[in-house]
Protein chains: 2
Amino acid sequence: MADDTLPSKDRETGPVFAPKYDESGLLTAVVLDAGTREVLVVAFMNADALERTRATGRVHFWSRSRQSLWLKGETSGNYLTVQEIRVDCDQDALVIHAQPAGPTCHTGATSCFYRVLDRAADDGEALSPVKH
Amino acid sequence: MADDTLPSKDRETGPVFAPKYDESGLLTAVVLDAGTREVLVVAFMNADALERTRATGRVHFWSRSRQSLWLKGETSGNYLTVQEIRVDCDQDALVIHAQPAGPTCHTGATSCFYRVLDRAADDGEALSPVKH
């Protein structure tokens with residue numbers, strides 16, 4: 001459960017996990033490949049998704065568009081198996097090191113972040129493929 | 001400007017940058033160290049923060065708690081200089097490779113993600129320092 005009464009020093013330095021959900025009840029979750037360290041996907045977790053992720057070792061999100069719990073890989077089989085969960089200073093974001101069973105993006109790409117934004121270009125022609 | 005009328009295929013595969021802001025007008029932004037690839041901080045950008053980031057090459061966020069534009073490093077001097085901006089499939093999240101001028105976290109830590117969550121522990125004693 002969130003504990004909004006935790007003093008900020010304890011929130012930042014102590015052993016107490018007191019996730020700070022936003023007004024929609026969500027934390028931000030960044031998942032990266034535990035092997036390559038590439039960022040695979042960024043999504044959101046509510047308390048239920050976090051609890052199921054901790055309990056099962058498979059990453060679950062809350063889908064904002066579908067408004068439902070979402071086991072990542074439930075249709076593709078490309079589950080994300082948790083290796084480590086890191087928590088930030090104010091406990092409103094997680095970085096999860098995971099082992100992907102296959103491509104993470106629904107487009108078939110390894111990572112959802114497969115395009116680069118040209119800082120100076122017009123928006124109509126600003127994106128191009130990532131060069132690894 | 002966001003273009004919510006862009007067909008999802010074009011949004012996912014084309015060169016058009018059409019950021020998909022949430023109902024609060026925000027994108028999620030993950031910043032990592034361009035050298036070490038460590039995730040440094042996760043925060044949010046509105047259109048103004050993104051425009052200033054693109055124009056200046058220094059990472060700007062929108063502070064949800066203060067409800068104001070936030071040049072990361074404006075008080076500490078520890079700016080984040082943009083090297084590359086990556087965009088995800090549905091264009092609602094960014095991964096920014098940046099060069100940090102110093103520790104990114106306001107606690108003095110290199111990264112805001114300096115603690116690990118024990119999946120099985122009670123929340124009262126679930127966090128411990130990251131072992132690099």
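The values are calculated or read from the model by the stated rules, or taken from the named source; none is laboratory data. In this text, all values refer to a predicted model and were calculated from it rather than measured experimentally. Note that we place each Cβ from the backbone using ideal geometry, even for glycine, and neighbour counts take in every protein chain shown.
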Problem set entry | Elements of type strands (runs of 3 or more DSSP E) contained in the range A:15-132, each with 1 or more residues being crowded, with 21+ Cβ neighbours inside 10 Å | A:27-33, A:39-45, A:60-63, A:80-87, A:93-100, A:115-117, A:127-129
Exercise. Of the residues in the range B:85-132, how many are facing chain A (nearest Cβ under 7 Å) and either under 30 Å from A:G108 (Cα atoms) or hydrophobic (A, V, I, L, M, F, W, C) (or both)?
Worked result: 16
Problem set entry | Long-range neighbours under 6 Å by Cβ, at least six apart or interchain, first residue among the hydroxyl-bearing types (S, T, Y) within the range B:42-54, second at pLDDT 95 or above | B:T53/B:V59; B:T53/B:H60
Exercise. Could you say which residue among B:V16, B:V31 is touching a helix residue (DSSP H, G or I) at 6+ places or on another chain (Cβ under 8 Å) and not basic (K, R)?
Worked result: B:V16
